[in-house]
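Beneath this line is the structure, given in structure tokens, with notes to follow.
Quick note: the coordinates plus some simple rules give every number you see, no bench work behind them. Note that the structure is predicted; figures quoted are calculated from it, not measured. Note that each Cβ is placed from the backbone with ideal geometry, even for glycine, and that neighbours are counted across all protein chains shown.
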Amino acid sequence: MWKIAAGGIAIECATFAPLPSELSDFDVLRGGALRERYAFAERHRDVEFVPLLQAHAVPGGVLRRSVYAALKQEFLAGLAASAPWDGVYLDMHGAMAVAGLDDAEADFIRAVRAAVGPNCLISASYDLHGNLSAAVLEALDLITAYRTAPHEDAAETRVRAFQLLLHCLRAGRRPQKAFLPIPALLSGERTMTLVEPGKSVYAEVARVSAEEALLDASLLVGFTWADQARSQAAAVALAWDADAAQSAARRLAGAYWDARHAFGFAVPTGTVDACVSQALASTASTVFLSDSGDNVTAGAAGDVPFMLERLLAQGAPRTLYAGMADAAAVAACFRAGVGARLDLRLGGALDPVHGRPLPVTGLVQGLHERGRAGRQAILRVDRVDVILTERRLAFTTLAQFSDLGLDPLAYRIVCLKLGYLFPDFQRIAPEAIMAFSPGAVDARPETLPFHNIQRPMYPFDRDFDWSPDPKIL
Ligand SMILES: [Zn+2]
């Protein structure tokens, strides 16, 4: 029997975001809920599977040290309580930033290694937006990352990380790990895998990974909005043989590097006013407009009202604005009730650096209790329906709208606090535009004040040569 522990901490932290991430931003899974997440691990007769704790959060600002310390402590205590272990599966993101720690994942995974000892095998799954470091790779034995962005293979990646672990336990061997950091730091909006060149580059990841000599291969684009020394793209390859691992890492890194100039935005972009004008002038039945600087899925606060102000100022036609995190405004709407008209100052509280409260007069159209997602209110201001949310919330699926009785396609403009459109919207959007709006995750990271990333780094530096030199760790 292989005794395997599982869990981890998964959060993506934008270091430019003024709002710290708190325990309340996490879903912390234990017991039955965690067993459900890892149902794939239960069906092996040679495995004694022990899920300990997994905490995953909506992307946000830098995580409070005490919150991180408490989650880490609980996980380590779980390991200590049932030691010894044959394997550990770590369910991570890879772009966690903790106040006072340079490399939070390295801190966590090293502590896990220290707890389980050198003979235990450790396997991790990462988001491809994780910033992988040599320190992390040295502390673990196996790692695999998502291969799609927008992410449609999160569950599949967790299964793969677990299968890799089991495969190596059964084989009684540790693989060679080739690590190749790439001096490029491109945003998720430029590196989607649905469009070229991301599509071809990621097809190569799957192809290389399937080769007989390889156990697995990953290409991480990294997370742009983290001003840390480890922020950059990276290729990783796992094989029994060091040469095979190095050669695969070199091929993947080369494919990414060679394509670097071709990574662009998948949709037209522009300033807020230009994009709003373009949406107003469009003949499309509905235009999806991304408020990208305040993109909640990249860690922004989601309460910068700048685009709402510009939409109202330009006399927007029937528009859906999703959403605005403002607990006080939601409370006021609930107090007033459906049909009430009230004066409110919206947003600007969570991210006062990039936004200031916007005074509006609106009519309460709907009130909804949504469990863990919190209370939501729909407020009509002129012809704009603003979804106010009690908690920071990204609107990424159509179900979130139908749940509120709303049909995005019934509106002329749908303004979302996203960068790239998530698959549900991509499938139905007659037209999409992305605005370079103000916020903690400006879609042009070259304009942000980075101090800690390695240089030279594309696209911050453009005119330099690089030759891939993978290391075995
Ligand atoms: Zn991601």
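When the charge dipole of segment 345-430 is built from unit charges on Cβ atoms (+1 for Lys and Arg, -1 for Asp and Glu) and taken about the Cα centre, the candidate among 386, 354, 411 whose Cα reaches farthest toward its positive end is 354.
In this rough spin-label picture, where each label sits 7 Å from Cα along the Cβ direction, the residue 373-residue 195 distance is 2.7 nm. For segment 269-442, the alpha-carbon coordinates run over 39, 33, 30 Å along the three principal axes, in decreasing order. Each Cα pair of segment 348-473 feeds into the Kirkwood radius, which the Stokes-Einstein equation turns, at 25 °C and 0.890 mPa s, into a diffusion coefficient of 134 µm²/s. Taking a ≥ b ≥ c as the square roots of the Cα gyration tensor eigenvalues, with a/c under 1.5 meaning rounded and otherwise prolate when a/b beats b/c, else oblate, which class fits segment 2-262? The shape class here is oblate. Across the chain, how large is the tail of the calculated P(r) beyond 36 Å, expressed as a percent of all Cα pairs? Within the chain, distances greater than 36 Å cover 30 percent of Cα pairs.
Placing +1 on the Cβ of every Lys and Arg and -1 on the Cβ of every Asp and Glu, with nothing else charged, gives segment 2-262 a dipole about its Cα centre of roughly 360 debye.
Between residue 313 and residue 402, the FRET efficiency from the beta-carbon distance, with R0 = 35 Å, is close to 0.70.
First select every other residue whose beta carbon is under 10 angstrom from the beta carbon of residue 213; then total the charges, Lys and Arg +1, Asp and Glu -1. Result for the neighbourhood of residue 213: -4. Computed over the alpha carbons of segment 288-360, Rg followed by Dmax gives 12.6, 35 Å. Looking at segment 310-449 alone, DSSP beta bridges between its own residues are antiparallel in about 65 percent of cases. Helices in the chain, meaning DSSP H runs of at least 4 residues, each add -39500 (n - 2.57). Divided by all residues, the mean residue ellipticity at 222 nm is -8000 deg cm²/dmol. Rounded to the nearest 20 debye, the dipole magnitude of segment 269-442 is 340 debye, with +1 charges on Lys and Arg beta carbons, -1 on Asp and Glu beta carbons, and the Cα centre as origin. Farthest toward the positive end of the dipole of segment 2-262, out of 249, 122, 57, is the Cα of 122, where the dipole comes from beta carbon charges about the Cα centre.
Once each of the chymotrypsin sites (Phe, Trp or Tyr not before Pro) sitting in a DSSP loop with at most 14 other beta-carbon atoms within 10 Å is removed, the chain keeps 1-463 as its longest stretch.
Think of each Lys and Arg Cβ as +1 and each Asp and Glu Cβ as -1; about the Cα centre, that makes the dipole of the chain roughly 640 debye.
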